[in-house]
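Participant: Next up is a structure, given as C-alpha cells.
The values are calculated or read from the model by the stated rules, or taken from the named source; none is laboratory data. Computed from a prediction, not measured in an experiment: that's the story for all the values here. So basically every Cβ, Gly included, is an ideal-geometry build from the backbone, and we count neighbours across all protein chains shown.
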Amino acid sequence: MNRLLWRWGWLALCGVALAACAAAGGGRPDWPMVQIACGGQSGSAGVAPGFAVYADESSFAAAFAAIHAGELPSPPVPGVDFDRWLVAAGFLGQHPTAGYGIDLASARVEGDRLVVTVVRRAPPAGAITAQVITTPYCLVRLARGGGRTVRFVDEAGQRLAELPLQAP
C-alpha cells in the first residue's frame, strides 16, 4: 500500500512540475517552422537590420529577389503555399567582417501572437575574421494559424519587433 501511495505521489509531483514548466514557457512550443534560406549576404534587402513577414506570393517574391540581388544566376523563388504558410525574415544589417549571423531558431504561440526566437551571432572579441562587408539574413516558413501578430524575441525573451499578420 505504501508503495502504491508513493507512486501516486511521485506521478502527482511530476504532473505539477510539467504544468509549471509549461506555464513558465508561456505557450505552445514548437510551432511548425522550416528554414528556407540563411546566409551572409542579403543583397539590397538586408542592409538595414530588422524583421519582415510575408503573407503572399508577390511580396515574398519581391523580397527574395532583393535579397539575392547581384547573384548570377539568380536562384529561383522557393515555392510556398501561402494558404498554409507565411514567411518570416530576419536581417542583421551591415557588418564590416565575417562571423556575424542571424537565425530564426524556433516559434511558439502565445495567446493571439506567434513568437519567433531570434539568435544573433557575432565573432568573439579579438577573433581574426575576413575583412568583408556582410549583411546576414534568415528566411523561415511558419505554419499559419498562430495569431494576429508575429513577435520577434531574443534568446532572453526580450521583444525585438512585433509585426501585424495580414491575410493571404
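Participant: Restricting to segment 22-43, give me the number of residues that are surrounded by 13 or more Cβ atoms within 10 Å (Cβ to Cβ), over 20 Å from TRP85 (Cβ atoms) and either over 17 Å from the mean Cα position of the chain (by Cα) or at pLDDT below 85 (or both).
Facilitator: 3
Participant: Looking only at segment 140-162, count every residue that is touching a residue at least 60 places away in the same chain (Cβ under 8 Å) and crowded, with 16+ Cβ neighbours inside 10 Å and tell me the total.
Facilitator: Residues that pass the stated criteria total 9.
Participant: Could you tell me which residue of segment 106-137 is farthest from the chain's Cα centre (by Cα), considering only residues that are surrounded by 15 or more Cβ atoms within 10 Å (Cβ to Cβ) and aliphatic (A, V, I, L, M)?
Facilitator: Per the stated criteria, the residue is VAL109.
Participant: Another one. Is it true that PHE51 is out of contact with any Cys (no Cβ under 7 Å at 6 or more places or on another chain) and more than 22 Å from ALA156 (Cβ to Cβ)? Walk me through it before giving the result.
Facilitator: Details: out of contact with any Cys (no Cβ under 7 Å at 6 or more places or on another chain): yes; more than 22 Å from ALA156 (Cβ to Cβ): no.
Against the criterion (out of contact with any Cys (no Cβ under 7 Å at 6 or more places or on another chain) and more than 22 Å from ALA156 (Cβ to Cβ)), PHE51 does not qualify.
Participant: In segment 51-68, which residues are under 15 Å from CYS38 (Cα atoms) and in a loop (DSSP other than H, G, I, E, B)?
Facilitator: Listed by number, the list holds a single entry, HIS68.
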